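Undergrad: Would you mind keeping the following structure in view while I ask a few things?
Where a number appears in this text, it was derived from the coordinates with a stated rule and is not lab data. As the structure is a prediction and not an experimental result, all values here were calculated from the model. Here the Cβ is made from the backbone with ideal geometry for all residues, glycine too, and neighbour counts use every protein chain on show.
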């Protein structure tokens, strides 16, 4: 003990101070999302797509909507399943699961013969979508699911041929690399750091030692959010150019 503080705690604070520039973009601002406006959705459309956005996003990407309109025209309705979408995963992921399940429960009562229900999600939204569409009756409600930038720490992955669920991951996107470690423990560590609690550092250090190459790649990816490095590094966790592929796959082409 040094001055009543353990060496582990001192080391955690030192590491936290060193990486604080990387954590700055992860700071959480209060987010108030509105419930999905069921009454404004045209449930008679032949195709309903439920979009689950990624972290810090609260809209349907223009690229996805543009290609959806191009391929399905007036037959498609795109429903934004908005949720907290913050780095405080212990709150954000359950909130996203709640929003998507409530939306699908309502939609199930409206589904007509021949109508198609698709789910598409990006990053954290992909993780949420994968958790929901593999549960019980939701796997029957949803016809197809496209997961873009599906986080490697997600407990479920879909690498084998699957006619209903497709992972669309960039080969060099470290956020999609599968990590060794406890899923809930890693989420809790990130959650603590977003709350300026350095006690999450030992957990992340242990995970980094078990996954050294991935840890370095993730750190470089996070540097994209620091203005000084923004133009020097390629953001491999960007899926704007994969939106058409997602729509084509959902469309059965």
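Undergrad: Does residue 127 satisfy the criteria of being more than 30 Å from residue 241 (Cα to Cα), out of contact with any strand residue (DSSP E or B) (no Cβ under 6 Å at 6 or more places or on another chain) and in a helix (DSSP H, G or I)? Write out each step before concluding.
TA: On the way: more than 30 Å from residue 241 (Cα to Cα): no; out of contact with any strand residue (DSSP E or B) (no Cβ under 6 Å at 6 or more places or on another chain): yes; in a helix (DSSP H, G or I): yes.
Answer is no for this residue.
Undergrad: Moving on to the next point. Across the range 47-62, which residue is nearest to the chain's Cα centre (by Cα) among those that are outside any strand (DSSP E or B) and under 20 Å from residue 133 (Cβ atoms)? Working first, answer last.
TA: First, the residues of the range 47-62 that are outside any strand (DSSP E or B): 53-62.
Applying the additional criterion that residues be under 20 Å from residue 133 (Cβ atoms) yields 53-55, 57, 60-61.
Numbers: 53: 7, 54: 4, 55: 6, 57: 10, 60: 13, 61: 14 Å.
Of everything passing the filter in the range 47-62, 54 is nearest to the chain's Cα centre (by Cα).
Undergrad: With respect to the numbered conditions (1) over 29 Å from residue 174 (Cα atoms); (2) surrounded by fewer than 16 Cβ atoms within 10 Å (Cβ to Cβ); (3) touching a helix residue (DSSP H, G or I) at 6+ places or on another chain (Cβ under 6 Å), which one is the sole condition not fulfilled by residue 102?
TA: For residue 102, the failing item is (3).
Undergrad: Limited to the range 63-79, what total is found for residues that are in contact (Cβ under 8 Å) with a residue 24 or more places away in the chain and either in a strand (DSSP E or B) or in contact with a strand residue (DSSP E or B) (Cβ under 9 Å, 6 or more places away or on another chain) (or both)?
TA: Within the range 63-79, residues that are in contact (Cβ under 8 Å) with a residue 24 or more places away in the chain and either in a strand (DSSP E or B) or in contact with a strand residue (DSSP E or B) (Cβ under 9 Å, 6 or more places away or on another chain) (or both) number 8.
Undergrad: Report, by residue number, each residue of the range 127-140 that is under 14 Å from the mean Cα position of the chain (by Cα) and more than 22 Å from residue 41 (Cα to Cα).
TA: Passing the criteria: 127, 130, 131.
Undergrad: For the range 130-157, enumerate the residues that are out of contact with any strand residue (DSSP E or B) (no Cβ under 8 Å at 6 or more places or on another chain) and part of a loop (DSSP other than H, G, I, E, B).
TA: The initial filter retains those residues of the range 130-157 that are out of contact with any strand residue (DSSP E or B) (no Cβ under 8 Å at 6 or more places or on another chain), namely 131, 135-140, 151-156.
Result: 135, 136, 137, 151, 152, 153, 154, 155, 156.
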